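Notes follow once the structure below has been shown.
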Amino acid sequence: MNVVYILWLRQLKRASRSRARIIGSFGQPLLFLLAFGFGFGSIYQRSGQGNYIQFLAPGVITMSILFTSIFAGIEVIWDRQFGFLKETLVAPVPRILIMIGRTLGGATVAVLQGVVVFGICLAVGFRTPSLPLLPLAFTFMILTAILFTAVGTAIASVLPDFQGFQLVMNFLVMPIFFLSGALFPLTNVPRAMLIIASVDPLSYSVDGLRYALIGVTHFGVVLDLAILSVVTAAVLILGGYLFSKIQI
């Protein structure tokens, strides 16, 4: 387990040195909060749905975790091209432990950024009436971070260059986010969109976090937690398998 701890610590140190990237990663959540939260707030309120910032904040927190965690996979390509991955893979430890260490490191950074975005949401007017459920909120944040860091690592394990990774990520990330119900309620959407949202794992992350923070849920918090846990475990297994097949 020492290799897991070492790789986890290395990911944290690498993230701490990338201050510009960390600061820049807050730009998009802040833009969504201000532009969507205040821009559509009056429309949302006139429709009888209440305060849009309250509804939007859990989705924005989840978005920040999604983008940070899934793009952590690009570091696999970076390490492969510059030789560090080769040095790591020749170590006499199972590759699944290496993958877990990298995943936990990237997930930790993503959760920390999610916590900071949560603080930004509080600063712009978001309030959570469910303080006893904050541990549940952190549980959903952690599961989301682990899931999508593992997704990024799995995809990076089979792609040879940065360009291919960026194309695949852009093809996946934006639909995953916009169809998850992070920006709009799923109660009155067309049936086709609801079906798509139902197979989108981020939908359960957003729904579970929204329940933990404001007490609103569409699928039910038990279903959210169950599906997210199962999908996270399955992606970790798949990511570990693909990572073990990396050719160096």
Return the total of residues in region 216-241 being over 16 Å from A137 (Cβ atoms), of a type outside the set (S, T, N, Q) and assigned to a helix (DSSP H, G or I). 14
Of those in region 125-143 that are touching a Gly at 6+ places or on another chain (Cβ under 7 Å) and surrounded by fewer than 18 Cβ atoms within 10 Å (Cβ to Cβ), the residue modelled with the highest pLDDT is P129
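Does S205 count as of a type in the set (S, T, N, Q), touching a helix residue (DSSP H, G or I) at 6+ places or on another chain (Cβ under 8 Å) and farther than 22 Å from Q28 by Cβ? Let's see the steps before the verdict.
Working: of a type in the set (S, T, N, Q): yes; touching a helix residue (DSSP H, G or I) at 6+ places or on another chain (Cβ under 8 Å): yes; farther than 22 Å from Q28 by Cβ: no.
So S205 fails the test.
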Would you confirm whether any residue within region 203-210 is free of Cβ contacts under 8 Å to residues at least 40 places away in the same chain, of a type in the set (D, E) and out of contact with any strand residue (DSSP E or B) (no Cβ under 6 Å at 6 or more places or on another chain)? yes
Could you list all residues from region 143-165 that are in contact with a helix residue (DSSP H, G or I) (Cβ under 8 Å, 6 or more places away or on another chain), within 30 Å of Q81 (Cβ to Cβ), assigned to a helix (DSSP H, G or I) and not small (G, A, S)? T144, I146, L147, F148, T149, V151, T153, I155, V158, F162, F165
Going by what's in this entry, would I237 be described as farther than 28 Å from G39 by Cα, out of contact with any Lys or Arg (no Cβ under 9 Å at 6 or more places or on another chain), modelled with pLDDT of 85 or more and exposed (fewer than 14 other Cβ atoms within 10 Å of the Cβ)? yes
Checking the structure you have, find out if any residue of region 204-215 is assigned to a loop (DSSP other than H, G, I, E, B) and either in contact with a Leu (Cβ under 9 Å, 6 or more places away or on another chain) or buried (at least 19 other Cβ atoms within 10 Å of the Cβ) (or both). yes
Has region 215-229 got at least one residue that is closer than 20 Å to F32 by Cβ and touching a Pro at 6+ places or on another chain (Cβ under 7 Å)? no
Inside region 158-183, the number of residues satisfying the requirement of being modelled with pLDDT of 80 or more, farther than 20 Å from F219 by Cα and either crowded, with 23+ Cβ neighbours inside 10 Å or among the aromatic types (F, W, Y) (or both) is 1
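In region 184-203, what residues are surrounded by 24 or more Cβ atoms within 10 Å (Cβ to Cβ) and not hydrophobic (A, V, I, L, M, F, W, C)? Walk me through how you get there before you give the answer.
From region 184-203, those surrounded by 24 or more Cβ atoms within 10 Å (Cβ to Cβ) are 202-203; that's our starting set.
Result: S203, single match.
The values are calculated or read from the model by the stated rules, or taken from the named source; none is laboratory data. Remember, it's a predicted structure, so these values are computed and weren't measured experimentally. Counting neighbours? That spans all protein chains shown, and the Cβs are built from the backbone with ideal geometry, glycine included.
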